[in-house]
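Below is one structure, written out as structure tokens; the observations come after it.
The values are calculated or read from the model by the stated rules, or taken from the named source; none is laboratory data. Note that this is a predicted model, so its numbers are computed, not measured. Here the Cβ positions follow ideal geometry from the backbone for every residue, glycine too, while neighbour counts run over all protein chains shown. The area values use the complete protein model at the heavy-atom level, side chains included, leaving out ligands, DNA and RNA. Shrake-Rupley method; radii C 1.70, N 1.55, O 1.52, S 1.80 Å.
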Amino acid sequence: MFHITDCRKYRRCPRLFALEFNAEKREFQPFVRLDEEVSDLVIRKLKIKDYYRGMRGDPAENAAAASENYDWLVKARFEYGGLRIKVPFLHRAEEGWELYFLFIGLYPHGDDPQYYCNTVWVLEHLGFQITDARIIHLNASYVRGDELDPDEMFVISDSFYNGNNNPTQPVMDLIRKRMQDPTETIAAMEKCLKSEAPLPVRTSACSARVRCRYYEDCFGKQTEEEDNSITTLSASRFKYDMKKEGRKYLRNADVDRIEGLRMQYAQILADRKDGIFADRLALRSWLDRISFPVTFLDFEWERFAIPPYKGMKPFDVMPFEYSIHIMEADRSLTHKVYLSVHDDRRDLAENLIRDIPKTGSVIAYNAEGAEKIRIREFVDLYDDLAADLLRINERMEDLQLPFESGTVYDTRMRGTWSLKTIMGMMDEEGYENLDIAQGMDAVFEWRHLDTSDASEEEKQKIIENLKKYCGMDTYAMTVVFEWLITLADESPLG
Ligand code: SF4
């Protein structure tokens with residue numbers, strides 16, 4: 001018996017499906033926090049009083065039998081033709097049954113039509129006549145008050161949304177247009193499991209959105225490629241073709257077949273020199289904008305699908321930690337860190353204003369995509385702190401800029417420019433020995449502080465590790481900043 005998620009994996013890649021099907025099931029760690037039982041909130045939205053509720057592992061007959069006695073079925077499990085489905089909400093209507101899908105997001109775009117089609121296919125083959133299908137999703141403009149208000153927080157839509165988030169194709173239309181009999185796919189999936197997992201074939205599915213977890217199993221560790229391998233050429237469509245032709249290294253790239261990005265030229269030039277390229281003029285001009293004392297800033301935050309605190313919207317972000325390293329002109333460093341377990345955003349913002357010196361530059365890594373946005377969110381929340389917060393943003397520079405713009409490239413970066421990669425090139429102790437060494441790990445650990453029954457001692461350990469991790473991010477920035485000064489050949493900072 002397969003689930004719809006198995007079909008989704010098979011469509012993405014038969015090998016992925018086979019490997020996952022036989023792998024030990026892992027605990028799923030969502031990137032977005034979801035503490036509430038969403039179905040219960042939707043039950044309130046739909047004002048359902050009497051209903052049958054399915055459970056994981058239920059025999060499929062239970063839901064079929066319940067459909068005789070109940071007008072509402074919630075999370076009911078059904079099976080047909082080798083496919084098992086979980087139906088979020090099914091409601092008896094005059095002429096048949098109305099189906100409600102649940103989308104924990106703001107605007108369902110109907111990206112996975114076969115999920116919707118397969119659900120209807122199973123139900124209709126079991127004799128449920130589906131007269132309508134709707135989709136329940138979160139309301140982007142809902143702002144939480146003291147209590148959650150499911151009536152306001154959810155939207156029931158007849159249609160999917162387009163790229164501009166305007167309603168477009170009706171849900172039932174898409175289902176009827178895209179309906180396919182999954183029997184052949186299910187037979188192919190069964191066959192696929194009877195022999196060895198198919199051989200790997202590199203496609204866009206291998207690195208779509210998030211890189212496939214089997215990438216290294218399939219294609220070997222990237223580290224087996226040399227640092228200056230042509231395969232590290234950034235955003236290149238033809239790098240594998242060039243490799244096949246024997247153009248093994250960046251320096252051998254065919255310049256007529258590169259996209260012409262500054263980063264690509266930086267990579268090729270780095271390999272033609274001694275592994276490093278620096279556009280010293282551009283680098284100096286960036287460094288000229290920096291003044292001491294320099295504050296290196298990093299936030300950690302959590303994102304909540306359902307707003308847990310007053311004033312928050314669905315998918316709002318809640319910063320819970322910051323680290324700052326302050327570097328004086330004599331290169332001495334001071335470190336400060338703030339960490340809270342619950343919603344202490346106001347206190348965090350006030351401390352931030354106090355901790356950051358009133359003069360000098362503020363530097364963050366990916367400032368435009370993260371720290372500046374977090375500060376603007378605080379500005380929206382706290383009118384009385386807005387002026388001080390905006391002054392911090394006005395002084396903020398992005399340490400990622402010299403790397404992402406191709407001003408500086410070292411072949412040891414291997415085509416990426418994350419802070420961890422660059423710190424890994426330095427002759428310094430970095431992230432290797434930390435118990436928490438990734439941003440999402442920090443978030444997962446932080447969740448234990450107020451949701452698990454961890455002992456006080458364990459919580460203290462988590463707090464210590466979180467402080468070390470965030471502190472390492474700002475320390476790494478100081479190291480990388482010093483390296484850039486050295487690269488620029490002279491300190492332009494006076
Ligand atoms: S890396 Fe590519 S070929 Fe390998 S399992 Fe994943 S998607 Fe399939």
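Just a few scattered comments:
- Selected residue (only one of Glu328, Glu371 is open to solvent by less than 10 Å² (accessible area, probe 1.4 Å), at pLDDT 95 or above and among the acidic types (Asp, Glu)): Glu371
- Residue selected from segment 76-111 under the condition charged (D, E, K, R) and open to solvent by less than 40 Å² (accessible area, probe 1.4 Å), by the criterion farthest from Lys49 (Cα to Cα): Arg84
- Restricting the search to strands (runs of 3 or more DSSP E) fully inside segment 357-469 and requiring at least 2 residues that are more than 20 Å from the chain's Cα centre (by Cα), assigned by TED's automatic domain parsing to the domain that holds Val317 and not acidic (Asp, Glu) gives 362-364, 408-410.
- Among the residues making up segment 374-422, a single one is within 30 Å of Lys310 (Cα to Cα), open to solvent by less than 10 Å² (accessible area, probe 1.4 Å) and among the aromatic types (Phe, Trp, Tyr): Phe378.
- Candidates in segment 176-200 are the residues that are within 16 Å of the ligand (Cβ to nearest atom) and touching a Pro at 6+ places or on another chain (Cβ under 9 Å); of these, the one that is least open to solvent (accessible area, probe 1.4 Å) is Met189.
- Test: residue in segment 146-156 that is under 26 Å from the mean Cα position of the chain (by Cα), modelled with pLDDT under 95 and surrounded by fewer than 17 Cβ atoms within 10 Å (Cβ to Cβ): yes
- Flag if Asn118 is open to solvent by 50 Å² or more (accessible area, probe 1.4 Å) and either of a type in the set (Ser, Thr, Tyr) or touching a residue at least 24 places away in the same chain (Cβ under 8 Å) (or both): no
- Qualifying residue in segment 208-230 (condition: of a type in the set (A, V, I, L, M, F, W, C), away from the ligand (no atom under 16 Å from the Cβ) and not assigned by TED's automatic domain parsing to the domain that holds Thr416): yes
- Checked against the criterion of being under 21 Å from Thr5 (Cβ atoms), hydrophobic (A, V, I, L, M, F, W, C), part of a strand (DSSP E or B) and out of contact with any Pro (no Cβ under 6 Å at 6 or more places or on another chain), segment 102-115 has at least one qualifying residue.
- The number of residues in segment 298-325 that are open to solvent by 10 Å² or more (accessible area, probe 1.4 Å) and touching a Ser or Thr at 6+ places or on another chain (Cβ under 8 Å) comes to 3.
- Residue in segment 165-173 that is within 16 Å of the ligand (Cβ to nearest atom) and surrounded by fewer than 16 Cβ atoms within 10 Å (Cβ to Cβ) present: no
- Candidates Asp256, Asp271, filtered to the one that is in contact (Cβ under 8 Å) with a residue 40 or more places away in the chain, more than 16 Å from the ligand (Cβ to nearest atom), part of a helix (DSSP H, G or I) and not aliphatic (A, V, I, L, M): Asp271
- Counting residues in segment 62-70 that are modelled with pLDDT of 95 or more, of a type in the set (Phe, Trp, Tyr) and within 27 Å of Asp181 (Cα to Cα) gives zero.
- Qualifying positions in segment 259-297 - open to solvent by 20 Å² or more (accessible area, probe 1.4 Å) and among the acidic types (Asp, Glu): Glu259, Asp274, Asp279, Asp288
- Taken over segment 121-132, the criterion of being within 25 Å of Ile186 (Cα to Cα) and surrounded by fewer than 20 Cβ atoms within 10 Å (Cβ to Cβ) is satisfied by Glu124, His125, Leu126, Gly127, Gln129, Ile130.
- Count - residues of segment 225-251 that are crowded, with 16+ Cβ neighbours inside 10 Å and either closer than 14 Å to Thr411 by Cα or of a type in the set (Asp, Glu) (or both): 12
- Odd one out for Glu377 among (1) of a type in the set (D, E, K, R); (2) farther than 28 Å from Glu482 by Cβ; (3) free of Cβ contacts under 8 Å to residues at least 24 places away in the same chain: (3)
- Look at (1) modelled with pLDDT of 90 or more; (2) open to solvent by less than 30 Å² (accessible area, probe 1.4 Å); (3) within 30 Å of Pro307 (Cβ to Cβ) and you find that Cys7 fails only one, number (3).
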